[in-house]
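The values are calculated or read from the model by the stated rules, or taken from the named source; none is laboratory data. Keep in mind it's a predicted model, so treat the numbers as computed, not measured. Every residue, glycine among them, receives a Cβ derived from its backbone with ideal geometry; neighbour counts consider all protein chains shown.
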Amino acid sequence: MMGERTMSDSVSWVSVAAADALPPGSILSVRVLGRNLAIYRLVNGELRASDNCCTHEEASLADGWLDGHVIECPLHGGRFDLDTGRGLCSPIERALDVFAVKVLDGRIVVAMPCPDGGLSTVA
């Protein structure tokens, strides 16, 4: 089922993993429609999704530290707000792309851009 798509408005909801595959406080790295994403299960059980690559240098955010709704890059300690993608400290100068994510029929699904230029990020 990895990569199964359903259309809704201007996004494709893409299935990336079983909902129970991601325990609270953990991060999953997935490749979706040619993009590396990080899927986060916050300690309170909520889900977030972002590009997996830090905007400062090419470090995997899935190897970073999750603190509430903030991810800290393992390379230089830059921190991003996973609700908005906004960089919270130096050396971050550019926001991180974040994506809508939810559970549907026991699967984690992520809103990805439609090929015709639909929604690409959620603020």
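Among the residues of the range 58-71, write down those that are surrounded by fewer than 22 Cβ atoms within 10 Å (Cβ to Cβ) and farther than 12 Å from residue 96 by Cα.
Taking the range 58-71 as the starting set, the residues that turn out to be surrounded by fewer than 22 Cβ atoms within 10 Å (Cβ to Cβ) are 58-60, 62-63, 65-70.
Matches in the range 58-71: 58, 59, 60, 62, 63, 65, 66, 67, 68, 69.
Answer yes if at least one residue in the range 6-22 is within 14 Å of residue 111 (Cα to Cα), assigned to a loop (DSSP other than H, G, I, E, B) and not aliphatic (A, V, I, L, M), and no otherwise.
In the first step, residues of the range 6-22 are kept if they are within 14 Å of residue 111 (Cα to Cα); the result is 6-17.
After this cut, where a residue has to be assigned to a loop (DSSP other than H, G, I, E, B) as well, the list is 9-10.
Checking which are not aliphatic (A, V, I, L, M) leaves us with 9-10.
Scanning the range 6-22 turns up at least one residue that is within 14 Å of residue 111 (Cα to Cα), assigned to a loop (DSSP other than H, G, I, E, B) and not aliphatic (A, V, I, L, M).
Which one of the conditions (1) surrounded by 17 or more Cβ atoms within 10 Å (Cβ to Cβ); (2) within 22 Å of residue 112 (Cα to Cα); (3) at pLDDT 95 or above does residue 45 fail to meet, given that it meets all the rest?
(1)
Tell me which of these residue 58 doesn't satisfy, since it passes every other one: (1) without any contact (Cβ under 8 Å) to a residue 12 or more places away in the chain; (2) in contact with a strand residue (DSSP E or B) (Cβ under 6 Å, 6 or more places away or on another chain).
The failed condition is (2).
Of the conditions (1) surrounded by 15 or more Cβ atoms within 10 Å (Cβ to Cβ); (2) touching a Lys or Arg at 6+ places or on another chain (Cβ under 8 Å), residue 79 fails just one. Which one is it?
It fails just one condition, (2).
Going through the range 22-41 one residue at a time, which ones are surrounded by fewer than 17 Cβ atoms within 10 Å (Cβ to Cβ) and either free of Cβ contacts under 8 Å to residues at least 60 places away in the same chain or under 9 Å from the mean Cα position of the chain (by Cα) (or both)?
23, 24, 25, 26, 29, 31, 34, 36
Taking the options 109, 103, name whichever one is assigned to a strand (DSSP E or B) and touching a Lys or Arg at 6+ places or on another chain (Cβ under 8 Å).
On the way: 103 fails: touching a Lys or Arg at 6+ places or on another chain (Cβ under 8 Å).
Of the residues listed, the single one that is assigned to a strand (DSSP E or B) and touching a Lys or Arg at 6+ places or on another chain (Cβ under 8 Å) is 109.
Is one or more of the residues making up the range 88-102 surrounded by fewer than 23 Cβ atoms within 10 Å (Cβ to Cβ) and without any contact (Cβ under 8 Å) to a residue 12 or more places away in the chain?
No, the range 88-102 has no match at all.
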